[in-house]
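What follows is a set of notes on a single structure, which appears directly below.
The values are calculated or read from the model by the stated rules, or taken from the named source; none is laboratory data. From a predicted model like this one, the values you see are computed outputs, not experimental measurements. As a convention, Cβ positions derive from the backbone with ideal geometry for all residues, glycine included, and neighbour counts pool all protein chains shown. Note: accessible area is taken over every heavy atom of the protein model, side chains too, but ligands, DNA and RNA are not part of it. Shrake-Rupley method; radii C 1.70, N 1.55, O 1.52, S 1.80 Å.
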Amino acid sequence: MKKFLLLLMLVVFVACGDNGTEVVVTPIDRPVPTETEILASPTVVDEPQYDYSHELGTNEWYSLAKDNHIQHLRNGLNGADPILGGTTFLNQSGNPAFTIVPNALHEGRNAIQVSSRTSSLHALEISTEGMNLNSNTYTIRVQGRVLALSETEVMLAGADYPYSELETVETLDEFVIETRLSNAILNSRGIDTEQFEYAFLILTNNTVTFTIDDITIMSDTPITNRPIPTPSTEPTPSAVVEVEPSPTPEETPIEVEPSPTEVEPSPEPSPSPSPSPSPSPSPSPSPSPSPSPSPSASAARPSPTTSTPPSPSPSPSPSPSPSPPPSPSPSPSPSPIPSLPSPPPSPSPSIIPSPSPSPSPVIETPTPIPSPTPTQVTEPVLVYDMANDQGVQSLSSGTSGHAGDIMSGVSRLNNAGDFTLSIVPNALRGGNALQMSNRTNDWHSIEISRELFDLASGDSYSIRIRGTSAAGTTIIVGAPANPFTQLQTAPVAGNGSFDMTVIIAGNDLTARHFNRGLRISSDDTADITIQEIRITRG
């Protein structure tokens, strides 16, 4: 107990000081973290995100319910780019709206709703890139819901024209659709495998809103090349980087000697008492042992540009002589002669600079100009002209029928969609023109085959298209596949004619949406007559 009381008294004594005043206690000196350490320290660590890809089975190529990107999106998110941009398995077809909604099959997970569809083809596209359709077979199962007032057909179909159907189911609300996919199966059903080269579609036969709760793709063989990132389930904290402060170098004073031309300004002259008669004929004071103040440094330092004028004396001294010691007169010691302000330098005589000697004229020897070599202009090479296409010009005028049947003998042009094609007289160039009618969709039209272009070169191609249509219609030349890139548009004039030229490089057509070439369509379903298609290279 005594020890405790003694310790308590000691603490009070230290806290109050020996004179009763408050003592400021300095805290223990701890190293202050540097800015680099503060920025690198894990003060805020993101919550760990669950890795859904660990749930994928050995033969499971893809599952929407286990897609890391889709399942980590917030509910209610809208937009194609934020929803589909982070996954390599899903793409948009056309321009519908996409929204993240609760999943009706898997509690706590996300589903994708597709709405605002202005065309049945505006839907969801499932990528087949990475899938080996040549030597493997995949089972595809899609589950979802539709908001329909009447029976709706849900289809799995090719992503390119003619959008061949693999499987179809009818529903009013929930649906499950399943099919098998491989190139061998497509060939056995007479379906062009190019439609599934990049993707296939989940779509309906109308424009209702539908929701996809799950998409599963199972391979017949174990998966070894699944393109799914597997993020760590535990976040790695940021490393704290200790940065030792670099020693501050001691500042060494730098002695700077005054420049020899530097002139210290003289202090302002102060009025001095009237000088007493002095026998000194010297114009400048001499050193004296008397206790009088010594002249200032500025007076003692000879100035290269300033000379002290002699004091007036009764008798002029012919020449300066050493001044005798001052007489011990009771008069006060003479004040040091202050430095007078330097008189302004007398202007040096004006020196008129002599004019620079005129440069000697440079005589340039004319260089003989070589005779210009004639520029070799490369004439554009004609690649295709519909007026010379025997497949078109050999058809009998007045022939009319299904576009696919009539175009079967034309190798350079193809039909897209279902419409009526008629062979009519060409009022522009003579011969035959192609008239498209009964177009039930704006994309039902004619396509220029990609085989006409050299895809391996960057050569420029000029494509001129002329024809007629309804006044006010816009003619469009673009890609025949999603995202249907428009290269050129042209309005139809009041007299019903249009004339447009598209410039494109051959290697631009290697993109997947140009896999068949170029499509000539419009923004409505008006009849179109093609009178000229002329393609040149260079």
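Brief remarks on what is shown
- In segment 163-176, residue most open to solvent (accessible area, probe 1.4 Å) [restricted to those that are of a type in the set (Ser, Thr, Tyr) and over 40 Å from the mean Cα position of the chain (by Cα)]: 168
- Some residue of segment 500-509 being surrounded by fewer than 16 Cβ atoms within 10 Å (Cβ to Cβ) and over 28 Å from the mean Cα position of the chain (by Cα): yes
- Cβ-Cβ under 8 Å pairs, at least 6 apart or on other chains, segment 204-226 side over 30 Å from residue 75 (Cα atoms), far side part of a strand (DSSP E or B) and of a type in the set (Asp, Glu): 219/60; 223/60
- Matching entry among 537, 466, 512 (being within 27 Å of residue 194 (Cα to Cα) and surrounded by 14 or more Cβ atoms within 10 Å (Cβ to Cβ)): 512
- In this entry, residue 153 is excluded by the filter for residues that are without any contact (Cβ under 8 Å) to a residue 24 or more places away in the chain, more than 28 Å from residue 82 (Cβ to Cβ) and part of a strand (DSSP E or B).
- Filter result (without any contact (Cβ under 8 Å) to a residue 40 or more places away in the chain and either surrounded by fewer than 20 Cβ atoms within 10 Å (Cβ to Cβ) or assigned to a strand (DSSP E or B) (or both)) within segment 91-115: 95, 97, 98, 99, 100, 102, 107, 108
- Scanning segment 36-73 for residues that are modelled with pLDDT of 50 or more, open to solvent by 50 Å² or more (accessible area, probe 1.4 Å) and among the charged types (D, E, K, R) returns a single hit, 55.
- Residues satisfying the stated conditions in segment 116-127, i.e. at pLDDT 90 or above, closer than 21 Å to residue 197 by Cα and in a loop (DSSP other than H, G, I, E, B): 122
- Some residue of segment 135-144 being open to solvent by 10 Å² or more (accessible area, probe 1.4 Å), modelled with pLDDT of 90 or more and over 24 Å from residue 87 (Cβ atoms): no
- Across segment 403-427, the number of residues qualifying as open to solvent by 20 Å² or more (accessible area, probe 1.4 Å) and more than 18 Å from residue 519 (Cα to Cα) comes to 5.
- Selection count, segment 406-427, where residues are modelled with pLDDT of 90 or more, among the aliphatic types (A, V, I, L, M) and part of a loop (DSSP other than H, G, I, E, B): 1
- Some residue of segment 483-495 being assigned to a helix (DSSP H, G or I), more than 19 Å from residue 413 (Cα to Cα) and modelled with pLDDT under 95: no
- Hits in segment 148-162 (condition: under 40 Å from the mean Cα position of the chain (by Cα) and open to solvent by less than 30 Å² (accessible area, probe 1.4 Å)): 154, 155, 156, 157, 158, 159, 160
- A Cβ distance below 6 Å, combined with a sequence gap of six or more or placement on separate chains, defines the contacts here; from segment 73-87, residues that are closer than 9 Å to residue 99 by Cβ reach residues that are surrounded by 13 or more Cβ atoms within 10 Å (Cβ to Cβ) and not β-branched (Val, Ile, Thr) in the pairs 83/98.
- Residues within segment 515-534 that are open to solvent by less than 40 Å² (accessible area, probe 1.4 Å) and either part of a strand (DSSP E or B) or small (Gly, Ala, Ser) (or both), tallied: 13
- Residues in segment 428-453 that are open to solvent by 30 Å² or more (accessible area, probe 1.4 Å), in contact with a helix residue (DSSP H, G or I) (Cβ under 6 Å, 6 or more places away or on another chain) and part of a loop (DSSP other than H, G, I, E, B): 429, 431.
- Among residues of segment 408-434 that are within 20 Å of residue 383 (Cβ to Cβ), those with a beta-carbon under 9 Å from a residue that is open to solvent by 20 Å² or more (accessible area, probe 1.4 Å) and of a type in the set (Phe, Trp, Tyr) at least six positions away or on a different chain give the pairs 414/161.
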